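Just below is one structure, and these are the notes that go with it.
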Amino acid sequence: MLAWSGTEDGLVRAFTDRSGGVSQGVYDGLNLGGHVGDDPERVRANRELVEQATGLRLVLADQVHGAEVLHVTDEVLRREPSPTGGVGTADAMVTDLPGLGLGVLVADCTPVLLHDLDVPLVGVAHAGRPGMLAGVVPALVAAMRDLGAGRLEATVGPSVCGRCYEVPAQMRDQAADAAPAAVAVSWTGTPAIDVAAGVVAQLTAAQVPLTWVPGCAREDRRWYSHRRDGVTGRFAGVVGRAPTARAVAASDV
Ligand SMILES: [Zn+2]
């Protein structure tokens, strides 16, 4: 269910794996992606399992490999969700509302969680190769600082590693221009890209300290991997702040 999680001072951070879910076939396990061809009822059940495990209402957006940041407010939540349950179209979200678990869906791409130590802001970003090149993580950092964040910290989750992400040389050179740290070599010695290393370099350049949760989605079958399996499910990175103590007590009754 939760491959890695941390809870301290009401902050909840988690990365799911494929264990403990109800999906079957190529989606076997805890598939949280509603856009990959899985049975919508099973996806909904899996999302509810994550909500129970985290104690947060899961909030997802429709991801398009861009750099837009969606500020999740009460008004946004009142809108009709998309057919796959998204509250909007964005690859990054930020909120100061307690009780929400902002989530990104990945199967090789890098999930990034952000929280602030001064104000109750949390943010999440989905950074694949296009998102890393477009700067979705620096855009999220800037948006959170505009909203008052003073001491951001990041948690970078499992993703495909650089050795497993072979690309044409031209694509690697393009990445090198935008993020030199992303240049990698595959297991067979061919050009490759390390998207997570590029994201980590972007966070470091933005002076955001980080925790990097290890793991390669392609090598470790605990996670969904598009590179390994093609049609498959999605796991998630989730961040939020627990509902107020009073609300928790009410929902526990
Ligand atoms: Zn790998």
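Pick from the stretch 119-162 the residues that are of a type in the set (G, A, S) and in a helix (DSSP H, G or I): which of them is nearest to R222 (Cα to Cα)?
G162
Quick one: A154 ticks every box in (1) open to solvent by less than 10 Å² (accessible area, probe 1.4 Å); (2) more than 16 Å from the ligand (Cβ to nearest atom); (3) in contact (Cβ under 8 Å) with a residue 60 or more places away in the chain; (4) under 16 Å from the mean Cα position of the chain (by Cα) except a single one, so which number is it?
(3)
Here are the criteria: (1) more than 15 Å from the ligand (Cβ to nearest atom); (2) open to solvent by less than 40 Å² (accessible area, probe 1.4 Å); (3) over 26 Å from G29 (Cβ atoms). Tell me which single one G131 does not satisfy.
(3)
Please work out which one of (1) among the β-branched types (V, I, T); (2) within 19 Å of the chain's Cα centre (by Cα); (3) more than 16 Å from the ligand (Cβ to nearest atom) is the condition V119 fails and give its number.
Single failed check for V119: (2).
May I ask you to list the residues in the stretch 61-116 that are out of contact with any Asp or Glu (no Cβ under 9 Å at 6 or more places or on another chain), within 20 Å of V231 (Cα to Cα) and among the aliphatic types (A, V, I, L, M)?
L105, V106 - these are the residues of the stretch 61-116 that are out of contact with any Asp or Glu (no Cβ under 9 Å at 6 or more places or on another chain), within 20 Å of V231 (Cα to Cα) and among the aliphatic types (A, V, I, L, M).
Give just the number: which of (1) within 24 Å of A61 (Cβ to Cβ); (2) within 16 Å of the ligand (Cβ to nearest atom); (3) of a type in the set (A, V, I, L, M, F, W, C) does L140 not satisfy?
(2)
Give all pairs with beta carbons closer than 6 Å in which a residue from the stretch 200-224 that is on the phi > 0 side of the Ramachandran plot meets a residue that is within 16 Å of the ligand (Cβ to nearest atom) and open to solvent by less than 40 Å² (accessible area, probe 1.4 Å); count only pairs at least 6 apart in sequence or on separate chains.
Between residues of the stretch 200-224 that are on the phi > 0 side of the Ramachandran plot and residues that are within 16 Å of the ligand (Cβ to nearest atom) and open to solvent by less than 40 Å² (accessible area, probe 1.4 Å), the close pairs are G215/P158.
From the list A197, A181, A205, A169, which residue is more than 16 Å from the ligand (Cβ to nearest atom), of a type outside the set (V, I, T) and surrounded by 15 or more Cβ atoms within 10 Å (Cβ to Cβ)?
The conditions single out A181.
Could you check the stretch 35-64 and list, in sequence order, the residues that are more than 15 Å from the chain's Cα centre (by Cα), within 20 Å of R79 (Cβ to Cβ) and not in a helix (DSSP H, G or I)?
Once the filter is applied, which keeps residues that are more than 15 Å from the chain's Cα centre (by Cα), within 20 Å of R79 (Cβ to Cβ) and not in a helix (DSSP H, G or I), the stretch 35-64 yields H35, L56, R57.
The values are calculated or read from the model by the stated rules, or taken from the named source; none is laboratory data. What you see is a predicted model, and the numbers here were worked out from it, not measured in a lab. Counting neighbours? That spans all protein chains shown, and the Cβs are built from the backbone with ideal geometry, glycine included. Only protein heavy atoms, including side chains, enter the accessible area calculation; ligands, DNA and RNA are left aside. Shrake-Rupley method; radii C 1.70, N 1.55, O 1.52, S 1.80 Å.
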